[in-house]
1. Hull surface divided by four, with the convex hull built on the Cα atoms of segment 209-259: how many nm²?
2. Would you please put 119-128, 1-10 in order of how densely packed they are, using the mean number of other Cβ atoms within 10 angstrom per residue and starting with the highest?
3. Sort 13-19, 30-36, 164-170 by the packing proxy (mean of other Cβ within 10 Å over each peptide's residues), most packed first.
4. What's the ranking of 241-248, 40-47 by average number of surrounding C-beta atoms within 10 Å, highest first?
5. Measuring from a point 7 Å past the Cα of Asn193 along Cα-to-C-beta, which residues in segment 13-29 have an amide N at less than 17 Å?
6. Per residue of segment 226-235, in order, report the coupling 6.51 cos²θ - 1.76 cosθ + 1.60 (Karplus, θ = phi - 60°) as ³J(HN,Hα) in whole Hz, putting x for Gly and Pro.
7. Rounded, prolate or oblate: which fits segment 105-259 when a ≥ b ≥ c are the square roots of the eigenvalues of the alpha-carbon gyration tensor, with rounded for a/c under 1.5 and prolate only if a/b beats b/c?
8. Test of understanding: what is the full-extension gain from Ala248 to Thr147, defined as 0.36 nm times their sequence separation minus their Cα-Cα distance?
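Coordinate-derived values only; no laboratory data. Quantities reported herein were computed from a predicted structural model and do not represent experimental measurements. Please note: Cβ atoms are built from the backbone with ideal geometry, for glycine as well, and neighbour counts cover all protein chains shown.
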Amino acid sequence: MLQHIELRCQHPGEINLVQLTDTHIAADPGELLGGVNTTGTLLDVINAVNRHGNLDLALLTGDLASDPSVEVYEKLAGILRRIELPVYCLAGNHDDPALMERLLNSGNVSTANFLTSGVWSIILLNTHKPGTDGGCLSTTELSRLDTALERSRGRHVLVCLHHHPVSIRSPWMDSMALENGEALFRALDRYDNVRGVIWGHIHQEFSVTRNGVMLLGSPSTCVQFLPRAERAGIDDRPAGYRTLTLAADGVIRTRVHWV
Ligand SMILES: [Fe+2]
């Protein structure tokens, strides 16, 4: 089912948003991922985001928890309240979508999955597949995507998900990509108003264009992975996030920021 929110944006016709991804929050405040304290780096990123001033919303594109539990999501909800923006969350392989829906729907935080403002629609997809690090769009999710695309006729569309739908030329990461990326693109190719697809999961910056649609992967708010690596490897880049301006003419302007 679509949970629709009509956004309130500062500039008519345009949406300015920030993508935060792969926060990997743990219950233990001292827990490290790849040598990085994930709570500490998320707080640093939130401080940087709050200084931007011209943003309308934040999107969290999955792996919010390292190991999902009530305790972790309650802790995360407390942290996300510090973001001075509405926050919309979707699930990654490390998450529990049902727990997220229960615990990440209060105050400024929401798991709504269809956002509209002016000439833009933002569609948030769930690619969580229980028991695996890879992702999949279920039949239900694909039909929800199609409903959202139908309701977005006459608008520009940004699609958001956790898993990468195309190869990033990193064999170990590609072994846990979206397993039915072709089904996603079959759905998107039926429409001529899709402008961008953004994801998390890969802990690195990535950008290609397919049929005029921008495909963008983004760095994590904690540890980064080495691009084009055969096997798992940690990059020494710091925490990062991406800002996007969805302009009135359908153009997406975007930039990655390192903290
Ligand atoms: Fe992931």
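1. Projected area, direction-averaged: 4.5 nm².
2. Ranked from most to least packed, the peptides come out as 119-128, 1-10.
3. So the order, starting with the most tightly packed, is 13-19, 164-170, 30-36.
4. Ranking, from highest mean packing down: 241-248, 40-47.
5. It comes to 13-15, nothing else.
6. Running phi through 6.51 cos²θ - 1.76 cosθ + 1.60 with θ = phi - 60° gives 5, x, 6, 8, 5, 10, 3, x, 8, 8 Hz.
7. Working: a/c = 1.60, a/b = 1.35, b/c = 1.18.
The shape class here is prolate.
8. Numbers: separation 101, 0.36 × 101 = 36.36 nm, distance 2.29 nm.
Residue separation times 0.36 nm, minus the Cα-Cα distance, leaves 34.1 nm.
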